[in-house]
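The values are calculated or read from the model by the stated rules, or taken from the named source; none is laboratory data. In this text, all values refer to a predicted model and were calculated from it rather than measured experimentally. Cβ coordinates were reconstructed from backbone atoms using ideal geometry, including for glycine residues, and neighbour counts include every protein chain displayed.
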Amino acid sequence: MVESSNPAGHQNKAVNAVYFKGPALAWLNAVESNYRPGESTDQQSWSRGFTLVELMVVVVIITVLSALAIPSILRQMRDRRTRQAAEEIASVYRQARLRALGRGAAVMVRFTAANGFEMREAVLGGNDPACARLPVTSCTTANWGTTSTTSQRITQFNPTSGVYAGITTSVFASTNGGTGTVGSSLTGLDICFTPMGRSLFGIDGGALSPMTGVPLITVQRDAASLTRLVVIPPNGLARTDVSQ
């Protein structure tokens, strides 16, 4: 075989046609068409890239994995919102107790289905805007209405609006040994903390009385998601748990 200084040129192909026939000629022409001076055979084979079929297989695999992962991610996001709502509710009760102890005022957390959880503080001097509002220690003398001048709103959390839309909360007067609820859900619940650390509660706008039970609040988005519990003991240190 006569070697040529230009392996990819037409002259070399003509020479090859004289000395090689059939499959041998086809193989030699294929090798010369892919030949790059200074590169090994392994380097030339790796530089050819991917075929369309290989790319389509990768796309299909990514699509299938994404379709399997998305429902799990969405479920985790919904459960996270439910947990956050339960933590916010528990925080309202804990802050109310600490505020009552720290400021020397009666502080109430009022739940209604329409307004959610509202924290109010008993004050004196609400009729005169020129006077500073002073704390009042009694839970029973203040008017806890939203337009009252003897109490002022501190904060409010409604778990059915904003980013928490779709979450359902149910309030129960007490628990059955910590394992379940007693009676039907309430439309209203008042829990008032005094500066002396006492807790009083009233049901559906009724009169306040010393709290001996453990009110329970359930927080849930749908039947398929976890149910978060907010347990409120008489000392006011509300905590969250997961329904078994």
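Would a scan of region 56-65 turn up a residue that is surrounded by fewer than 13 Cβ atoms within 10 Å (Cβ to Cβ), modelled with pLDDT under 90 and assigned to a loop (DSSP other than H, G, I, E, B)? Checked region 56-65: no residue is surrounded by fewer than 13 Cβ atoms within 10 Å (Cβ to Cβ), modelled with pLDDT under 90 and assigned to a loop (DSSP other than H, G, I, E, B).
Condition first: at pLDDT below 90, crowded, with 20+ Cβ neighbours inside 10 Å and in a helix (DSSP H, G or I). Can you find one or more residues in region 72-83 that meet it? Yes - at least one qualifying residue is present in region 72-83.
Please work out if residue 192 is more than 31 Å from the chain's Cα centre (by Cα), modelled with pLDDT of 90 or more and not hydroxyl-bearing (Ser, Thr, Tyr).
Values: more than 31 Å from the chain's Cα centre (by Cα): no; modelled with pLDDT of 90 or more: yes; not hydroxyl-bearing (Ser, Thr, Tyr): yes.
So residue 192 does not fit the description; no.
On the stretch given as region 138-159, residues that are hydrophobic (A, V, I, L, M, F, W, C) and either assigned to a loop (DSSP other than H, G, I, E, B) or modelled with pLDDT under 90 (or both) total 3.
Which one of 229, 237, 216 is of a type in the set (A, V, I, L, M, F, W, C), closer than 26 Å to residue 161 by Cα and surrounded by fewer than 17 Cβ atoms within 10 Å (Cβ to Cβ)?
Details: 229 fails: surrounded by fewer than 17 Cβ atoms within 10 Å (Cβ to Cβ); 216 fails: surrounded by fewer than 17 Cβ atoms within 10 Å (Cβ to Cβ).
Checking each option against the conditions leaves just 237.
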